[in-house]
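Here's the structure we're looking at; comments come further down.
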Amino acid sequence: MTATTMNTSDAAGQRPERNPARWVILGVICLAQLTVLLDNTILTVAVPSLTEELGASTADVQWMMNAYSLVQAGLLLTAGNAADRYGRKKMLATGLALFGIGSLVAGLAQSTAQLIAARAGMGIGGALLMTTTLAVVVQVFDDEERTKAIGLWGGVSSLGFAAGPLIGGALLNHFWWGSIFLINLPVALVGLVAVLKLVPESKNPTGDRPDLLGALLSTVGMSGITFAIISGPAHGWTSGRVVTAALIGAAALTAFALWERRIPFPMLDMTFFRNSRFVGAVAGGILVAFGMGGSFFLLTQHLQLVLGYDPLQTGLRMTPLALVIVVLNLTGVGARLLPKVGTPVAIAGGMGLLAAGLASIAVLGAHGYAGMFLGLVLMGVGIALSMPAMANAIMSAIPPEKAGVGAGVNGTLQESGNGLGVAVLGAVLNSRFAALVPAVAAGAGSLPAALSRASSAADRAEIRDAFASGVQASQLVGAAAVLAGGVLAAILLRRAERAGR
C-alpha cells in the first residue's frame, strides 16, 4: 500500500483495502514496542552493578533511571504530532535509529554522566516509538480487526514490562552491566530494516502547519509534572524543587490548553475532551496504569526486601501476570469478547478484576508468594480485558489523521499513571511503615535502614511486619482507585454510546 493510498483513505474517511502484509507489519511494530518497554524495567536489576563498577551515587542511579522517563514523557505529544505531520513511518524509523544509537552509547559509557546523557537520548527515540507504533496499527488495520491488533500490541507491551527484570537478571549473571543496553542493538537493527521494507507511509493529508509553541509548552509542562512526580518521594512533596517543578508544569500545561483552543491548527484539539468516550477512556487509562505501575513497584520491593528473593527470582515470580496477558491477547479473547459485551462493560469488568487482584495480593500475599499468585492471575485477566478496550476507545474517538497525537495521549496516560502510582502508593507505604516500625528503628527512611538498626531477631521480624503492612495498605488504596476508575469510565462510555458519540 502506497503513501498516496493511505492518505486518500484518511481524507475520504473510507475503509482502505486491507494490506496483505498487515500481520507481518504488526509483528514489526510489536518488536519495536518490545524494545522500548524492556528498557523501562531492565535497568532496575542493574543498580548494584552500576553502583559498584561506575561508582554511582544514589542520585546518579536515580537520574540514570529517570532521564529516560523524563525525556520520553515530555516529548510524547510532540512526537505524536510530528508523526502525523511528517510521516509515521519516517518517525518510527527515526525512533528506532535514535534508540539504537543511544543504547550503543549507554553500553559503552565510561562515566555516570555519559550514561545519563545516553539514557536521555534513548528517551527521544522511545517517545517516537511509543507514539508511532500504535498510530501505525490504527492506520494498517480497519475497524473490524483493529481491536484484536491493539490487543496483541498491548500483550507484547505487557510482556516487555514484565520480562525486563528476567532478561536483565540473566544477562548480569553472565556479562557486565553494559550488556543490558547492547542487547537492544540487534533488535533495533532488525526492526529498522523491517520498518523501511514493510511499513507503509501515512500522514495527515491536510498539511497542518507546525504548532511550535504548542510543542514547547506541552514538552515543558509534561517534563515539569513528571519531574515533580519523580522527585516527590525522595525530596518531599513540599520541597522547593518539587513545588517549583509542579507549578511550572501546571502553568505550561494551562497555557498549552489555552493556546490550543485559539489556533487554527492545534497539536491537540481540545474539543476531544468534550467527547464522553474519549474522557472515559482517558480516566480509565490513567487509573489502570496507576494500579499497575504502583503494584509492580510495591511487589518487587516486597519480594526482594521482605521475602528475600534475588532480582532474577523476583522477575520469575512476576511472570504469571505477563503470561496471562500475553496468552489472552494472543488468543484474541479480549477482541472476541469486546463486541459481545461492549466497551463500557469490558473496561469496567477488566478494571474490577484488576482491583480484585490488587486486593487479593494485599490480603493473601502479605507473608508469602503463594497468596500473591491468585492476585497476579486476576490482575493479568483484568489488564488483558481493559487496556486494549481503552486504547481502542481513545483511538476511535480521534480522527484517523490525528492517530499520532492519539497515540501520544495514550502514552502520556501510561507514563503519568505509572508515575502517580509509584508516588502515591509509595507515600502510603512509607506513611504506614513509619507509623508501625518499632522504636529502635524510628525515623529510618527505608526497610534496609530500619533493619540495620535492629538489635534482635524480634525487632527484625517486627520491622518486616511493619513493611508488609505498609505494602498491604498501599495495595488496598490502589485497588480502590482502580475500581473507582472502572465505574467512572463505564458511566462516561455508556453515556457516550447513548448520545451516539
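Which value, in Å², gives the accessible area per residue of the chain when a 1.4 Å probe is used on the protein heavy atoms?
Working: 19660 Å² over 501 residues.
Per-residue accessible area for the chain comes out at 39 Å².
Would you calculate, for the chain, the mean residue ellipticity at 222 nm contributed by helices, counting each DSSP H stretch of 4 or more residues as -39,500 (n - 2.57) and dividing by all residues, to the nearest 500?
Numbers: 19 runs with 400 residues, N = 501.
Computed ellipticity for the chain at 222 nm equals -27500 deg cm²/dmol.
Which percent of the accessible heavy-atom area of the chain goes to carbon and sulfur, probe 1.4 angstrom? Mind dumping the intermediate values first?
Working: 12920 of 19660 Å².
With neighbouring chains kept in place, the figure for the chain is 66 percent.
Hey, what angle do you get for helix 88-107 against the long axis of the chain, alpha-carbon based, 0 to 90 degrees rounded to 10?
For 88-107 against the chain, the angle is about 30 degrees.
Where does helix 311-330 land angle-wise versus the long Cα axis of the chain, in degrees 0 to 90, nearest 10?
Value to nearest ten degrees: 30.
So, by mean Cβ neighbours within 10 angstrom, what's the order for 23-30, 478-485 with the highest one leading?
Packing order, densest peptide first, comes out as 478-485, 23-30.
Once you have the Kirkwood Rh of the chain from its Cα pairs, apply Stokes-Einstein at 10 °C and 1.306 mPa s and quote D in µm²/s. Write down the numbers at each step before the final one.
Details: Rh = 23.0 Å.
Estimated via Stokes-Einstein, D reaches 69 µm²/s.
So what's the angle, to the nearest 10 degrees on a 0 to 90 scale, between helix 403-436 and the longest Cα principal axis of the chain?
So the inclination is approximately 10 degrees.
Given region 324-414, report the % of alpha carbon pairs whose separation exceeds 20 Å. Present the calculation step by step, with values, prior to reporting the outcome.
Values: 1832 of 4095 pairs.
Roughly 45 percent, once rounded to a whole number.
For the residue pair residue 436 and residue 250, what label-to-label distance in nm results when each label sits 7 Å from Cα along the Cα-to-beta-carbon direction?
It is 3.2 nm.
For region 413-494, run through the trypsin sites (Lys or Arg not before Pro) and keep only the ones in DSSP coil with at most 15 other Cβ atoms within 10 Å of their Cβ. Don't skip to the answer; put the middle values down first.
Numbers: sites: 432, 453, 460, 464, 494; in loops: none.
Qualifying residues, ordered by number: none.
What ranking, highest mean first, results for peptides 84-95, 238-249 when packing means the other Cβ atoms within 10 Å averaged over each residue?
Values: 84-95: 23.6, 238-249: 15.1.
Ranked by mean Cβ neighbours within 10 Å, highest first: 84-95, 238-249.
From the gyration tensor of the Cα coordinates in region 412-451, what semi-axes in whole Å does the equivalent ellipsoid have, largest first, with each one equal to sqrt(5λ)? Don't jump to the answer; show the numbers that get you there.
On the way: eigenvalues 153, 16, 5 Å².
After scaling each eigenvalue by five and taking roots: 28, 9, 5 Å.
Hey, how much of the P(r) for region 248-315 falls beyond 19 Å, as a percent of Cα pairs? Please report the intermediate quantities before stating the final value.
On the way: 1387 of 2278 pairs.
Across region 248-315, Cα pairs with separations above 19 Å total 61 percent.
So what's the net charge close to residue 72: Lys and Arg +1, Asp and Glu -1, counting the other residues with Cβ under 12 Å from its Cβ?
Result for the local shell: -1.
Need the full-extension length gain, residue 213 to residue 101, defined as separation in residues times 0.36 nm minus the C-alpha distance. One decimal, nm.
Numbers: separation 112, 0.36 × 112 = 40.32 nm, distance 2.85 nm.
Between residue 213 and residue 101, full extension yields 37.5 nm more.
Percent relative contact order of region 215-272, based on C-alpha pairs within less than 8 angstrom and at least six residues apart? Could the numbers behind the result be given before it?
Values: 56 pairs, mean separation 21.7, N = 58.
Computed over region 215-272, the figure is 37 percent.
Checking the cross-link filter: which aspartates and glutamates have an alpha carbon closer than 18 Å to that of residue 340, excluding same-chain neighbours under 8 positions apart?
143, 144, 145, 497
What is the diffusion coefficient of region 388-501 in µm²/s, taking the Kirkwood radius over Cα pairs and the Stokes-Einstein relation at 25 °C with a viscosity of 0.890 mPa s? Show your work: numbers first, answer last.
Details: Rh = 17.2 Å.
Result for D is 143 µm²/s.
Output the relative contact order of the chain, whole-number percent, from Cα pairs under 8 angstrom with separation of 6+ residues.
Answer for the chain is 22 percent.
Using a/c under 1.5 as the rounded threshold, could you call region 81-148 rounded, prolate or oblate? The axes a ≥ b ≥ c are square roots of the C-alpha gyration tensor eigenvalues, and prolate needs a/b larger than b/c, oblate otherwise. Let's see the in-between values first.
Details: a/c = 3.73, a/b = 2.73, b/c = 1.37.
In terms of gyration-tensor shape, prolate.
With Cβ to Cβ distances under 15 Å as the rule, what net charge do the other residues near residue 148 carry (K, R +1; D, E -1)?
Details: positive: 18, 22, 146, 336, 340; negative: 142, 143, 144, 145.
Net charge in that neighbourhood comes out at +1.
The values are calculated or read from the model by the stated rules, or taken from the named source; none is laboratory data. Since this is a predicted model, take the numbers as computed values, not measurements. Glycine gets a Cβ as well: all are built from the backbone with ideal geometry, and neighbour counts include every protein chain shown. Calculation scope for accessible area: heavy atoms of the full protein, side chains included, ligands and nucleic acids excluded. Shrake-Rupley method; radii C 1.70, N 1.55, O 1.52, S 1.80 Å.
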